[in-house]
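What follows is a single structure, written as C-alpha cells, with notes after it.
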Amino acid sequence: MSHVGILCPNVPGHLNPMVALADAMRTRGHHVTFFLLGAPPSSIAEAGFEIVGLGGTVFSPDQYQAEIHKLGSLQDRAALKHTLAIGARAAEAVLEVGPTVVRAAGVTALVVDQASFPGGTVADQLGLPFASVGNALLLNPDPAVPPYFTHWQPRDAWWARIRNRIAWAGLNRLYAPIVTRIQNHRRRLGLPIPADISQVWSDTLQISQQPALFEFPRRELPKQIEFVGPFRLPGGYQPVPFPWELLDERPLIYASLGTLQNKIAGTFRVIAEACDGLDAQLVISTGHGVKPEALGTLPGRPVVVSYAPQLDLLRRSALAVTHAGLNTVLDAMASGTPLVAVPVTNEQPGIAARVSWIGAGEAIPHTQVTPEALRAAVVRVRSEPSYRTAAERVRDAIQAGGGAPRAAELIEQRLGLGTCKDVERKGTSCIALS
C-alpha cells in the first residue's frame, strides 16, 4: 500500500490523536512515518512508528522543547502570541528541512495537522497528495462564528458579525509571520500563493476531530471538511498506574488542566477549595507541569496524581472540571459526562463556549475563577439533569461519527491510496495481496 507521512505539533494533545489515526492507517495496510520538530517522543516509538526529525539546525530539538515549556506558564493573549511565534519558527524549519527528509523517506502522501501550517506546502513542493486534520478546534475562519480564541457565543446580529470580523482580522495579523514565510517559499518555487491562512490547508480533504454537533453554525464551511469525532486507539490510552484503592463511594469529580497549559498551580488549589465540603470526591491530574507534592495539602484532601486513566475516571464521574482542551472535552463528551470549563488560552475559550452553547456544561474564564464562582457552577451542573442529557447527545454523535477508522477510510478514498477492497482482509487488518 502507500507510505503516509504525518506532520503535527510535538505535544500530547496533537500526538495522541495522530497515533490513533496512524494506527488506523497501519491497520488498513499502509506504512506510516511521523515527521516532528523537537525531541522524539517515546509514545510514537512505543507504538511502532518511525520518527524523522524536521528541525535540523534551524529549530533544534532543545530550542523547540524550551519554547513549548515556556508556553505552559503563559496565559491568555500572551500564550496565543507565543504559540503563533513558535508556529513561525516551525514554518521556517519545516519549509527548509521538510522537503528533503520527506522525499528521502519515500513518502507517497501526507497527513498534516491544521496547526502545522507549512505542511501542505511541503506536499505541493514534492507533488504529493495531502489531507489536513484538525486535532484542535476547527481553525477555519468564518465571520458567522466568533474566532476560536474568544469566549463569545454565536449571534445572528449585525454587531456580532462586525465584532467577529474585527477579531478575525486581528488574528490574521498574528498569523502574518507564518503566512509570509509560506508565501515567500511558494513564490520562489512558482507555486500558487495563498492569500491567507485558510488557503494553506488541503482543498481535497479536511478532517475534524469534532462531531458536527459540537460546532457553531457556519456559513462558509469548506465542502471538503468531514466531521468524524475523536481519534482514539481501539484499546483506549496506554495504561496509567492509579491508586484505585483511595476512591470511596462518594460521587467523583475529575479535574485536569491538560498536559501543556497546566503550570498554573493556584488553579488546582481553587478547584480543591471549590469542591471541599461537597458530597463528592475530587481527583486531580496535574500533567507534567506541576508535581503533585508541590501542591502541598489541598482542602478536602483530593487524590492528586501526575497522570490519570482519564477515560476510566470520566466514565465514573458526576462531572469534570477542565481547561477545555479539545481531547479532554471530547473524552468527557464520549462518556456523557458534563463539564465545568475553565479555559486558559489558544482555542480553549472557543471550546468552552461550545460546551456552554450545547448545554453540556458551564464555562468560567480563568481570570474570573474564584472558589465561590466555581463551586456554584459545579453545584448547578451536578444538580441539573439537562447538562448530562446534552453531554449524552454529543456522546451519541461521537459514536456515530466513525473516529479514526472513518478518517483513515476518507484519506484513502480522497487521496487515491487504495482501499481494503484491494487487499485481503484478516480480522480488522488489511494484508496486501502479492
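The values are calculated or read from the model by the stated rules, or taken from the named source; none is laboratory data. Being a predicted model, the structure only gives us computed values, none of them experimental. Here the Cβ is made from the backbone with ideal geometry for all residues, glycine too, and neighbour counts use every protein chain on show.
In the set (1) more than 28 Å from TYR237 (Cα to Cα); (2) not in a helix (DSSP H, G or I), VAL52 fails one condition alone, (1). Scanning region 96-113 for residues being surrounded by 24 or more Cβ atoms within 10 Å (Cβ to Cβ) and part of a helix (DSSP H, G or I) gives a total of 2. Which of the residues belonging to region 117-148 are hydrophobic (A, V, I, L, M, F, W, C), more than 18 Å from GLN209 (Cα to Cα), out of contact with any strand residue (DSSP E or B) (no Cβ under 7 Å at 6 or more places or on another chain) and not in a helix (DSSP H, G or I)? Once the filter is applied, which keeps residues that are hydrophobic (A, V, I, L, M, F, W, C), more than 18 Å from GLN209 (Cα to Cα), out of contact with any strand residue (DSSP E or B) (no Cβ under 7 Å at 6 or more places or on another chain) and not in a helix (DSSP H, G or I), region 117-148 yields ALA144, VAL145.
Only one of (1) over 20 Å from LEU257 (Cβ atoms); (2) touching an Asp or Glu at 6+ places or on another chain (Cβ under 7 Å); (3) modelled with pLDDT under 95; (4) surrounded by 15 or more Cβ atoms within 10 Å (Cβ to Cβ) is not met by CYS430, so which one is it? Evaluating CYS430 over (1) over 20 Å from LEU257 (Cβ atoms); (2) touching an Asp or Glu at 6+ places or on another chain (Cβ under 7 Å); (3) modelled with pLDDT under 95; (4) surrounded by 15 or more Cβ atoms within 10 Å (Cβ to Cβ) leaves (2) as the failure. Which one of THR345, THR297 is buried (at least 22 other Cβ atoms within 10 Å of the Cβ), of a type in the set (Ser, Thr, Tyr) and either in contact (Cβ under 8 Å) with a residue 12 or more places away in the chain or not in a helix (DSSP H, G or I) (or both)? From the options THR345, THR297, the qualifying one is THR345. Across region 311-335, the number of residues qualifying as in contact with a strand residue (DSSP E or B) (Cβ under 9 Å, 6 or more places away or on another chain) and more than 21 Å from GLY134 (Cβ to Cβ) comes to 9. Does GLU92 qualify as being buried (at least 17 other Cβ atoms within 10 Å of the Cβ), out of contact with any Phe, Trp or Tyr (no Cβ under 8 Å at 6 or more places or on another chain), acidic (Asp, Glu) and assigned by TED's automatic domain parsing to the domain that holds GLN210? Answer is no for this residue. State whether the residues of region 354-362 include one that is assigned to a loop (DSSP other than H, G, I, E, B) and under 23 Å from TRP244 (Cβ atoms). The answer is no, given that none of the residues of region 354-362 is assigned to a loop (DSSP other than H, G, I, E, B) and under 23 Å from TRP244 (Cβ atoms). Counting only residues that are buried (at least 17 other Cβ atoms within 10 Å of the Cβ) and either out of contact with any Gly (no Cβ under 8 Å at 6 or more places or on another chain) or modelled with pLDDT of 85 or more (or both), region 65-74 holds 3 of them.
Residue check: is ASN172 surrounded by 15 or more Cβ atoms within 10 Å (Cβ to Cβ), touching a strand residue (DSSP E or B) at 6+ places or on another chain (Cβ under 9 Å) and in the same structural domain as CYS8 (by TED's automatic domain parsing)? No, not satisfied.
Residues checked against (1) in contact with a Lys or Arg (Cβ under 6 Å, 6 or more places away or on another chain); (2) on the phi < 0 side of the Ramachandran plot:
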{"residue": "ALA85", "(1), (2)": "no, yes"}
{"residue": "ALA90", "(1), (2)": "no, yes"}
{"residue": "PRO99", "(1), (2)": "no, yes"}
{"residue": "GLY106", "(1), (2)": "no, no"}
{"residue": "GLY120", "(1), (2)": "no, yes"}
{"residue": "ASN135", "(1), (2)": "no, yes"}
{"residue": "ASN140", "(1), (2)": "no, yes"}
{"residue": "PRO143", "(1), (2)": "yes, yes"}
{"residue": "THR150", "(1), (2)": "no, yes"}
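Here are some residues: GLY418, GLY359, GLY403. Which one is crowded, with 16+ Cβ neighbours inside 10 Å, at pLDDT below 95 and at positive phi? Checking each option against the conditions leaves just GLY418.
Give GLN348, GLN368 a once-over and let me know the one that is under 27 Å from HIS14 (Cα atoms) and in the same structural domain as GLY258 (by TED's automatic domain parsing).
Numbers: GLN368 fails: under 27 Å from HIS14 (Cα atoms).
Selected residue: GLN348, the only one of GLN348, GLN368 that is under 27 Å from HIS14 (Cα atoms) and in the same structural domain as GLY258 (by TED's automatic domain parsing).
For region 35-52, the tally of residues that are surrounded by fewer than 24 Cβ atoms within 10 Å (Cβ to Cβ) and aromatic (Phe, Trp, Tyr) stands at 1.
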